[in-house]
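Q: Just passing along the structure, written as structure tokens.
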Amino acid sequence: MVPTITRIESTEFSYPVEDLGYSPNGFSLVYEPGNTLERKLFGLRVHTDAGVTGEYVGGNSPAFAQVNLVADYLVGKNPLHREKHWSEMKRALRKYDRMGIGPLDIALWDFAGKYYDAPIHELLGTYRRRIPTYASTYQGDRNGGLDSPAAFADFAETCRDMGYPAYKMHVWGGEWRDADELVEAVRAVGERVGDEMDLMLDPACELETFADALRVGKACDEAGFLWYEDPYRDGGISQHAHRKLRQHLDTPILQTEHVRGLEPFTDFVATEATDFVRADPEYDGGITGAIKRARIAEGFGLDCEFHAPGPAQRQCIAAIRNTNYYEMALVHPDVPNTQPPVYLDGYADMLDAIDGDGTVEVPDGPGLGVTYDWDYVEENALGGRVYE
């Protein structure tokens, strides 16, 4: 029997995160003691006449606006024809950033794994079963958490003592932005743990000038950082700017988190505008698109580092040779990660989720390998759509 998609459901829901708020510009998540932030995510279910449902929880409102444009196309189609559907959705969303493909493609891969009773990494071709992991911090705050270079260095020591082999800083932004203090933080962390951990810096495009990006990069050189990511206000998309920055630094550049589309990504690599590249199943057209990025990077002899934590990321990394770390983000000494409370099987992306060797395991159940709490999603629903 050929399986057919009969109905697709998307449900927006909310959940609270204690002691979390926004930086003064209202864009970046930071430690805010006493505040409760309501986070919003989507749950997606792709129902079929095979009695198997593809599932995924994640995404955001802009992505699901695009899901609304292409979900009807999938109804009545064979869910196993992922490559065909990926190509058609890519064309249909050509006017947009195509982030709506990601949740749908991930759910189709989850269906395939359940249909064949195998984890996604086995369908892709397994390379590893455990993944070295780095601690990736929230942005700095002024609220008594990661509020100084010393605080970032202290937390780096904590992460080292927990078993993390690597540590990445997201530092101050908005009204708290200060390139001089960022240089101090790079030096402080490098002096404290640089001989024991791989170190990375991600200013998240906060630095306002090439001069500041260059000055901070020179500090990374002195401290022996593994990579320098999305430094300044080009938004992480200028091939020329990052090629010029590379010419002045020894620290490798990591780019393409914000470069949407497979062809612009390939151009970024071909023009030697980065050293490491980024992929994300949500951002880059699902597991299908993220794996394409990793294979392109492999052909150029580069490493592809996956953005953010999640079961889809773990399944991808398990099937890729040319990658180094899993990103445990966002972590902080005083506030939990933003992981939604929707896992019934103990899956976790919290600070303490690593083992003593600093690794996380890859879920080995069918599909994504996780069991979602759909009762929680429905009980905290804000709205949704059904396509049939």
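Q: Where the second residue is among the polar types (S, T, N, Q) and open to solvent by less than 10 Å² (accessible area, probe 1.4 Å) and the first is over 13 Å from residue 327 (Cα atoms) and assigned to a helix (DSSP H, G or I) and lies in the range 150-168, which pairs have Cβ atoms under 8 Å and are six or more apart or on separate chains?
A: Hits for this filter: 152/137; 155/137.
Q: Separate question: Of the numbered conditions (1) more than 30 Å from residue 352 (Cα to Cα); (2) open to solvent by 10 Å² or more (accessible area, probe 1.4 Å); (3) part of a helix (DSSP H, G or I), residue 80 fails exactly one; give the number of that condition.
A: Only one criterion is unmet by residue 80, namely (3).
Q: Being touching a strand residue (DSSP E or B) at 6+ places or on another chain (Cβ under 9 Å), open to solvent by less than 40 Å² (accessible area, probe 1.4 Å) and part of a loop (DSSP other than H, G, I, E, B) is the filter here, so list the residues in the range 253-262 that pass it.
A: Scanning the range 253-262 gives 256, 257, 259.
Q: Filter the range 17-34 down to the residues that are assigned to a strand (DSSP E or B) and in contact with a Phe, Trp or Tyr (Cβ under 9 Å, 6 or more places away or on another chain), then identify the one that is most open to solvent (accessible area, probe 1.4 Å). Spell out how you get there, then give the answer.
A: The initial filter retains those residues of the range 17-34 that are assigned to a strand (DSSP E or B), namely 17-22, 29-34.
Narrowing further to those that are in contact with a Phe, Trp or Tyr (Cβ under 9 Å, 6 or more places away or on another chain): 19-21, 29-32.
Values: 19: 48, 20: 0, 21: 2, 29: 27, 30: 1, 31: 28, 32: 65 Å².
Restricting to residues being assigned to a strand (DSSP E or B) and in contact with a Phe, Trp or Tyr (Cβ under 9 Å, 6 or more places away or on another chain), the top hit is 32.
Q: Does any residue of the range 65-72 turn out to be in contact (Cβ under 8 Å) with a residue 12 or more places away in the chain and either within 30 Å of residue 177 (Cβ to Cβ) or of a type in the set (S, T, N, Q) (or both)?
A: The answer is yes, given that some residue of the range 65-72 is in contact (Cβ under 8 Å) with a residue 12 or more places away in the chain and either within 30 Å of residue 177 (Cβ to Cβ) or of a type in the set (S, T, N, Q) (or both).
Q: Counting just the residues of the range 281-316 that are free of Cβ contacts under 8 Å to residues at least 40 places away in the same chain and assigned to a loop (DSSP other than H, G, I, E, B), which one comes out most open to solvent (accessible area, probe 1.4 Å)?
A: 300
Q: Which residues, counting only those in the range 263-280, are open to solvent by 20 Å² or more (accessible area, probe 1.4 Å) and either assigned to a loop (DSSP other than H, G, I, E, B) or touching a residue at least 60 places away in the same chain (Cβ under 8 Å) (or both)?
A: Across the range 263-280, the qualifying residues are 271, 272, 275.
Q: Something else about it: Could you tell me how many of the residues in the range 101-137 are open to solvent by 10 Å² or more (accessible area, probe 1.4 Å) and β-branched (Val, Ile, Thr)?
A: The total comes to 1.
Q: Could you tell me whether residue 123 is in a helix (DSSP H, G or I), of a type outside the set (Gly, Ala, Ser), in contact (Cβ under 8 Å) with a residue 24 or more places away in the chain and closer than 15 Å to residue 82 by Cα?
A: It is false that residue 123 is in a helix (DSSP H, G or I), of a type outside the set (Gly, Ala, Ser), in contact (Cβ under 8 Å) with a residue 24 or more places away in the chain and closer than 15 Å to residue 82 by Cα.
Q: When the residues of the range 83-100 are filtered to those that are in contact (Cβ under 8 Å) with a residue 60 or more places away in the chain and of a type outside the set (A, V, I, L, M), which remaining residue is most open to solvent (accessible area, probe 1.4 Å)?
A: Filtering the range 83-100 for residues that are in contact (Cβ under 8 Å) with a residue 60 or more places away in the chain and of a type outside the set (A, V, I, L, M), the one most open to solvent (accessible area, probe 1.4 Å) comes out as 83.
Q: Which is within 17 Å of the chain's Cα centre (by Cα) and in contact (Cβ under 8 Å) with a residue 12 or more places away in the chain, of 246, 233, 260, 215?
A: 260
Q: Considering each of 208, 175, 181 in turn, give the residue that is open to solvent by 60 Å² or more (accessible area, probe 1.4 Å) and closer than 23 Å to residue 249 by Cβ.
A: 208
The values are calculated or read from the model by the stated rules, or taken from the named source; none is laboratory data. Keep in mind that what you see is a predicted model, and the values were worked out from it rather than measured. Positions of Cβ are backbone-derived with ideal geometry, glycine not excepted, and every protein chain shown enters the neighbour counts. Accessible surface areas use protein heavy atoms only, side chains included; no ligands, DNA or RNA. Shrake-Rupley method; radii C 1.70, N 1.55, O 1.52, S 1.80 Å.
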